[in-house]
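Notes follow once the structure below has been shown.
The values are calculated or read from the model by the stated rules, or taken from the named source; none is laboratory data. The model shown is predicted, which means the values in this text are computed figures rather than measured ones. Every residue, glycine among them, receives a Cβ derived from its backbone with ideal geometry; neighbour counts consider all protein chains shown. What goes into the accessible areas is simple: the full protein's heavy atoms, side chains included, and nothing from ligands, DNA or RNA. Shrake-Rupley method; radii C 1.70, N 1.55, O 1.52, S 1.80 Å.
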Amino acid sequence: MKKKLVSLLTVSAMTMSMLVGCGSGAADTATQTAETVAETATDVAETATDAAQEVADTATEVAETVTEEAAGSGDLADKKVGVCIYQFADNFMTLFRTELENYLISQGFSKDNITIVDGANDQATQTNQIQNFITQGVDVLIINPVNSSSAATITDLVVGADIPLVYINREPDADEEARWQSNGWNVTYVGCDARQSGTMQGEILVDLGKEKVDLNGDGKIQYIMIEGDPENVDAQYRTEFSVKALEDAGWEVEELDDQVGMWDQATAQQLVANSLSAHPETEVVFCNNDAMALGALQSIEAAGRKVGEDIYLVGVDALTEALEDVLAGTMTGTVFNDHIAQSHGAADAAINYITGAGNDYYIGCDYVKVTTDNAQSVLDSLK
Ligand code: GAL
């Protein structure tokens, strides 16, 4: 570009000097004019070169930014993630949040930009924490609600602040999920279907055969049920579907007791101690999770009973201790609640919102039935 401009202006200068004629005064004027034109040509050419360089620099910068954004992870280090856990003092959610943090870091987030807070099982506390995250301007929120029934309020708060939202572990109800879709909001749920875990608990017993499980041979299965937080759909469905699986197999059932253990080992230990002394005819103890099954086992052993011989015990989650009990025969079975797939799924969903890829409104995951047959391989997979 510079060359073309210089030669064009030089040619015009020469032409001018020729046109001016042969007189010496005229010739001097022509030469001066030609020189002035040539200098101007050089200045213009230099200015053009500088401008061209600036354009090129800007283009390079734009290209670099676009490439970084497309690469995604280069950019995640600056993004802020807020994570609300309903309660830190929950064995399963502790596994979940530890894996979630490690995986977010492995995907390129900076540890300093991941803030995980404890709702202490109190919705007012959690709502406050959500408001603080909004004020801080986090780029995405991952929320394990204290009360699933507060989901609509939480969604309105977060969507109102234009922050994408990933619900985990406690599934909001169908009406709430339908609202995300009909409004096209950046809100999703990552988790498993609790009906499946309940069904698997029942199937573990059905697979043993009725002759074995009906210890007193009265044609009915006498059971006690220890529930998690009844506000939580996992507790509701596991309670319903574990028993339904027995009924679907044509087994008659008799509920001796149904108590709320709030997912907690010590609470369940106390409840099962009371139930067993009131109902020594208990054949099956269903616990909505493993923490409570571990508490139940303490009371079963304290009552001088033996799992697999004069009582059966099932849980959900596949905590390491529960898997060891399944292998030792001190628990009949459990159901693997895949915290690895769920935490990775939640982090991936958060990333998809940040990069603009977006997500489906429901991201599911499967439970796995665990008995002595596969407890070791599940244990190995968790190491
Ligand atoms: C369940 C899990 C329980 C408890 C609960 C909390 O999925 O099985 O152990 O963590 O979530 O909502």
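Could we say that Val138 is outside any loop (DSSP other than H, G, I, E, B), within 21 Å of the chain's Cα centre (by Cα) and more than 20 Å from Asp317 (Cα to Cα) here?
Values: outside any loop (DSSP other than H, G, I, E, B): no; within 21 Å of the chain's Cα centre (by Cα): yes; more than 20 Å from Asp317 (Cα to Cα): yes.
Considered against the rule, which asks whether it is outside any loop (DSSP other than H, G, I, E, B), within 21 Å of the chain's Cα centre (by Cα) and more than 20 Å from Asp317 (Cα to Cα), Val138 comes out as no.
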Kindly provide the set of residues from region 165-220 that are under 29 Å from Asp373 (Cβ atoms) and assigned to a strand (DSSP E or B), ordered by number.
-> Val190, Lys220
Taking region 195-214 as the region of interest, how many residues are within 16 Å of the ligand (Cβ to nearest atom) and open to solvent by 20 Å² or more (accessible area, probe 1.4 Å)?
-> 4
Read through the list (1) over 24 Å from Lys80 (Cβ atoms); (2) open to solvent by less than 20 Å² (accessible area, probe 1.4 Å); (3) in a helix (DSSP H, G or I), then give the number of the only condition that Asp325 fails.
-> (2)
Which pairs have Cβ atoms under 7 Å, sit 6 or more apart or on different chains, and link a residue in region 86-108 that is more than 17 Å from Tyr167 (Cβ to Cβ) and within 9 Å of the ligand (Cβ to nearest atom) to one that is open to solvent by less than 40 Å² (accessible area, probe 1.4 Å) and part of a loop (DSSP other than H, G, I, E, B)?
-> Asn91/Leu319
Please find, within region 259-270, the residue that is least open to solvent (accessible area, probe 1.4 Å) out of those that are within 16 Å of the ligand (Cβ to nearest atom) and in a helix (DSSP H, G or I).
-> Ala268
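Pull up region 286-310, narrow it to residues that are within 16 Å of the ligand (Cβ to nearest atom), of a type outside the set (Gly, Ala, Ser) and in contact (Cβ under 8 Å) with a residue 40 or more places away in the chain, then point me to the one that is surrounded by the fewest Cβ atoms within 10 Å (Cβ to Cβ). Spell out the reasoning first.
Step one: list which residues in region 286-310 are within 16 Å of the ligand (Cβ to nearest atom), which gives 286-297.
Next, only the ones that are of a type outside the set (Gly, Ala, Ser) stay: 286-290, 292, 294, 297.
Still in the list and also in contact (Cβ under 8 Å) with a residue 40 or more places away in the chain: 286-290, 292.
Working: Phe286: 28, Cys287: 34, Asn288: 33, Asn289: 30, Asp290: 31, Met292: 31.
So the residue we want is Phe286.
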In region 280-298, is there at least one residue being more than 26 Å from Asn121 (Cα to Cα), modelled with pLDDT of 95 or more, part of a helix (DSSP H, G or I) and assigned by TED's automatic domain parsing to the domain that holds Val206?
-> no
Out of (1) touching a residue at least 40 places away in the same chain (Cβ under 8 Å); (2) touching a helix residue (DSSP H, G or I) at 6+ places or on another chain (Cβ under 6 Å); (3) within 16 Å of the ligand (Cβ to nearest atom), what's the single condition that is false for Asp229?
-> (1)
